[in-house]
């Protein structure tokens, strides 16, 4: 299981009014663990008033930059990103899991490829890592970036992108699409949708020459761009996605303190929700797990190993108490938030309410 | 700057998810179930095919059987690595079952999964000799080819990519089987026919029930695209074409 390791903040640079670029250094003994591939992300964690929050941030440095750097844009009401924007300073330590993610393609020094990147807002972070790495490692390849933002002063890495254009003259081009600012060319105003993509393909980008496209942004952008790329002949395996979900779960709510302590008794009144449907049934205190009881009551609850190892059967306890016999899959913070492995969970209170939907 | 959207709508419109952090809970459960079924099936297939190495009549066949045994274990490992991103303890997972265990050859377990092990039911049956191994590998290999058309476009992008790497190698396994069958169709015809009769219904059961309720859930999540009965019909056609080419 991936474990957390401390990273030390060595530099913090404010990039826009609401985004910082943070350079992080692993301990010497963890260095190899934090070797990354372009386009990967780090999962950071921090304790907020006793609740652990985890957030993933894409690495924005290139593989050959010799440092680990992430861009963190403040999200309205986002506890983690707000904290990071206001409190991270050189010397601060923060826990991170080793890099994860498959938002990349293999580079090949002999390749002569045409890449397209499409990003919106902070979706630029993994793309910047990919652009830097690909341009450095494939001297004959070209990269076109289509980058959507609200207005000029909210563009992350604006100067860095300009520098890259100068460094890789003729091999790297950027088309800025600004929603709230009129530009000389109408095409570059508005937002990225299928119509905009079609117009770009007509006038600026030859879709038939593209080898690979990278898309990073929220749901609507991903759908529109992917549909447009497919319509212009690209195959699924040529399109790489990294979703910046708009509906990421908010603060991980700690589990409500149980009203009801464990009690002695024979039976338990169980309430189980799956796919929006709720069933109530009686189950014994011993010899039957929540999962077995749900299945016995004709609920198609997910499970696989039944050994507390795979975590397929994870559910959340909303009320009452259960006890897990074995847990090799859930981490402490998940358990604190009320998650249990239903294949290992036995009720120990008169009443339990669990859901597979949260 | 961009339109926000609920994840269910996004998935229904063909959107893809890219990390454990943006996967909703029910999707997570079904995704893990799908992955563990694949991992268990590949591990059981590898363990079962290991015997075929020693059934092989010559070095070329021995190498083919070894390659299949090796690569199926490798495919299990690749998908298990995606499961590990969700918290699965991969070291313990590999040890949680006896992957070589088989039921009696004449036992009737239907399409049901056995206790705690999500391998397709066909991988609970033992292989009896080289001809039997080749026939099973052809029928199941063609079935895997059909299943791969679904797996390579699952909506969880990191998994779809793994399946796209795996698919051509799985196709090669079926190809090795067809090469073997071409020779046996002449030299060991009766045993080929008997094995076809034995494995055909058992492989067919792996496509699952027609009009499955779970299919609807999986389709909404973008984890499936074609119903069981359509995939089964496609496999039946493929099998009939290949066998006809050998005069079987």
- Confirm whether residue A:221 is buried (at least 19 other Cβ atoms within 10 Å of the Cβ), touching a strand residue (DSSP E or B) at 6+ places or on another chain (Cβ under 8 Å) and farther than 24 Å from residue A:134 by Cα. no
- All positions within the range A:1-16 that are under 17 Å from residue A:73 (Cα atoms) and either within 14 Å of another protein chain (Cβ to nearest Cβ) or within 19 Å of the chain's Cα centre (by Cα) (or both): A:16
- Task: Mind listing whichever residues of the range A:304-358 are surrounded by fewer than 24 Cβ atoms within 10 Å (Cβ to Cβ), at the interface with another protein chain (Cβ under 7 Å from one of its Cβ atoms) and more than 22 Å from the chain's Cα centre (by Cα)?
- Result: A:306, A:307, A:328
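Of the residues that make up the range A:73-82, is at least one outside the structural domain of residue A:227 (by TED's automatic domain parsing), touching a helix residue (DSSP H, G or I) at 6+ places or on another chain (Cβ under 7 Å), within 30 Å of residue A:173 (Cα to Cα) and in contact (Cβ under 8 Å) with a residue 40 or more places away in the chain? Full working, then the answer.
At the first step, the residues of the range A:73-82 found to be outside the structural domain of residue A:227 (by TED's automatic domain parsing) are A:73-82.
Pick out the ones that are also touching a helix residue (DSSP H, G or I) at 6+ places or on another chain (Cβ under 7 Å) and you get A:73-75.
With the extra rule that they be within 30 Å of residue A:173 (Cα to Cα), the set shrinks to A:73-75.
If we keep only those that are in contact (Cβ under 8 Å) with a residue 40 or more places away in the chain too, we end up with A:73-74.
Looking for residues that are outside the structural domain of residue A:227 (by TED's automatic domain parsing), touching a helix residue (DSSP H, G or I) at 6+ places or on another chain (Cβ under 7 Å), within 30 Å of residue A:173 (Cα to Cα) and in contact (Cβ under 8 Å) with a residue 40 or more places away in the chain, one finds at least one in the range A:73-82, hence yes.
Rundown of residues vs (1) in a helix (DSSP H, G or I); (2) over 16 Å from the mean Cα position of the chain (by Cα); (3) closer than 30 Å to residue A:237 by Cα, yes/no style:
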| residue | (1), (2), (3) |
| --- | --- |
| B:162 | yes, no, yes |
| B:166 | yes, no, yes |
| B:170 | yes, no, yes |
| B:176 | yes, yes, yes |
| B:182 | yes, yes, no |
| B:196 | yes, yes, no |
| B:214 | yes, yes, yes |
| B:218 | yes, yes, yes |
| B:222 | no, yes, yes |
- Looking only at the range A:96-114, count how many residues are away from chain B (no Cβ under 14 Å) and surrounded by fewer than 17 Cβ atoms within 10 Å (Cβ to Cβ). 5
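Condition test on residue B:154, is it part of a loop (DSSP other than H, G, I, E, B), within 13 Å of another protein chain (Cβ to nearest Cβ) and buried (at least 19 other Cβ atoms within 10 Å of the Cβ)? Spell out how you get there, then give the answer.
Numbers: part of a loop (DSSP other than H, G, I, E, B): yes; within 13 Å of another protein chain (Cβ to nearest Cβ): yes; buried (at least 19 other Cβ atoms within 10 Å of the Cβ): yes.
Considered against the rule, which asks whether it is part of a loop (DSSP other than H, G, I, E, B), within 13 Å of another protein chain (Cβ to nearest Cβ) and buried (at least 19 other Cβ atoms within 10 Å of the Cβ), residue B:154 comes out as yes.
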- Task: Would you check which residues across the range B:62-96 are at the interface with chain A (Cβ under 8 Å from one of its Cβ atoms) and either closer than 30 Å to residue B:178 by Cα or part of a loop (DSSP other than H, G, I, E, B) (or both) and list them?
- Result: B:85, B:86, B:87, B:88, B:89, B:96
- Query: Out of the range A:223-264, which residues are within 9 Å of chain B (Cβ to nearest Cβ), in contact with a helix residue (DSSP H, G or I) (Cβ under 6 Å, 6 or more places away or on another chain) and at pLDDT below 60?
  - Reply: A:247
- Task: Within the range A:224-237, count every residue that is more than 19 Å from residue A:106 (Cβ to Cβ) and surrounded by fewer than 19 Cβ atoms within 10 Å (Cβ to Cβ).
- Result: 5
- Message: Just the residues that are touching a residue at least 60 places away in the same chain (Cβ under 8 Å) and within 30 Å of residue B:132 (Cα to Cα), please, taken from the range B:205-225.
- Response: B:205, B:206, B:207, B:208, B:209
- Unmet criterion (only one of (1) more than 22 Å from residue B:126 (Cβ to Cβ); (2) away from every other protein chain (no Cβ under 12 Å); (3) in a helix (DSSP H, G or I)) for residue B:226: (3)
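Hey, among the residues in the range B:194-218 that are out of contact with any helix residue (DSSP H, G or I) (no Cβ under 9 Å at 6 or more places or on another chain) and at pLDDT 95 or above, which one's farthest from the other protein chains (Cβ to nearest Cβ)? Step through it out loud before you land on a result.
Residues of the range B:194-218 that are out of contact with any helix residue (DSSP H, G or I) (no Cβ under 9 Å at 6 or more places or on another chain), as a first pass: B:197, B:201, B:213, B:216.
Right, trim to at pLDDT 95 or above and you get B:197, B:201.
Working: B:197: 32, B:201: 25 Å.
Among residues in the range B:194-218 that are out of contact with any helix residue (DSSP H, G or I) (no Cβ under 9 Å at 6 or more places or on another chain) and at pLDDT 95 or above, the one farthest from the other protein chains (Cβ to nearest Cβ) is B:197.
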- So, in the range A:175-186, of the ones that are in contact with a strand residue (DSSP E or B) (Cβ under 8 Å, 6 or more places away or on another chain) and away from chain B (no Cβ under 14 Å), which residue ends up nearest to residue A:205 (Cα to Cα)? A:175
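A quick yes/no check of all residues on (1) under 20 Å from residue B:21 (Cα atoms); (2) free of Cβ contacts under 8 Å to residues at least 40 places away in the same chain; (3) surrounded by fewer than 22 Cβ atoms within 10 Å (Cβ to Cβ):
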position: A:130; (1), (2), (3): no, no, no
position: A:137; (1), (2), (3): no, no, yes
position: A:147; (1), (2), (3): no, yes, no
position: A:151; (1), (2), (3): no, yes, yes
- Query: Is it true that some residue in the range A:76-92 is out of contact with any strand residue (DSSP E or B) (no Cβ under 9 Å at 6 or more places or on another chain) and buried (at least 18 other Cβ atoms within 10 Å of the Cβ)?
  - Reply: no
- Query: Looking only at the range B:233-247, which residues are surrounded by fewer than 18 Cβ atoms within 10 Å (Cβ to Cβ) and in contact with a helix residue (DSSP H, G or I) (Cβ under 6 Å, 6 or more places away or on another chain)?
  - Reply: B:234, B:238, B:246
- Task: Can you give me the number of residues within the range B:61-85 that are exposed (fewer than 14 other Cβ atoms within 10 Å of the Cβ) and at pLDDT below 95?
- Result: 0
- Message: Among the residues of the range A:37-53, what is the count of those that are surrounded by fewer than 18 Cβ atoms within 10 Å (Cβ to Cβ) and within 12 Å of the chain's Cα centre (by Cα)?
- Response: 0
- Item | Selection from the range A:17-36 of residues that are within 14 Å of chain B (Cβ to nearest Cβ) and either touching a helix residue (DSSP H, G or I) at 6+ places or on another chain (Cβ under 6 Å) or surrounded by fewer than 19 Cβ atoms within 10 Å (Cβ to Cβ) (or both) | A:18
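Determine whether the range A:75-82 contains at least one residue that is outside any strand (DSSP E or B), under 17 Å from residue A:11 (Cα atoms) and either within 12 Å of another protein chain (Cβ to nearest Cβ) or under 17 Å from the mean Cα position of the chain (by Cα) (or both). Reasoning before the result, please.
Here is the first cut: in the range A:75-82, the ones outside any strand (DSSP E or B) are A:75-82.
This time we only want the ones that are under 17 Å from residue A:11 (Cα atoms), so: A:81.
Subset that is either within 12 Å of another protein chain (Cβ to nearest Cβ) or under 17 Å from the mean Cα position of the chain (by Cα) (or both): A:81.
Checked against the condition, which is being outside any strand (DSSP E or B), under 17 Å from residue A:11 (Cα atoms) and either within 12 Å of another protein chain (Cβ to nearest Cβ) or under 17 Å from the mean Cα position of the chain (by Cα) (or both), the range A:75-82 yields at least one hit.
The rows are residues; the columns are (1) more than 9 Å from chain A (Cβ to nearest Cβ); (2) touching a residue at least 12 places away in the same chain (Cβ under 8 Å); (3) out of contact with any helix residue (DSSP H, G or I) (no Cβ under 7 Å at 6 or more places or on another chain).
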{"site": "B:110", "(1), (2), (3)": "yes, yes, no"}
{"site": "B:128", "(1), (2), (3)": "yes, yes, yes"}
{"site": "B:137", "(1), (2), (3)": "yes, yes, no"}
{"site": "B:158", "(1), (2), (3)": "no, yes, no"}
{"site": "B:176", "(1), (2), (3)": "yes, yes, no"}
- Within the range B:1-53, track down each residue that is assigned to a loop (DSSP other than H, G, I, E, B), at the interface with another protein chain (Cβ under 7 Å from one of its Cβ atoms) and without any contact (Cβ under 8 Å) to a residue 24 or more places away in the chain. B:1, B:2, B:3, B:4, B:5, B:6, B:13
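The values are calculated or read from the model by the stated rules, or taken from the named source; none is laboratory data. Being a predicted model, the structure only gives us computed values, none of them experimental. Every residue, glycine as well, gets a Cβ built from its backbone with ideal geometry; the counts of neighbours run over all protein chains shown.
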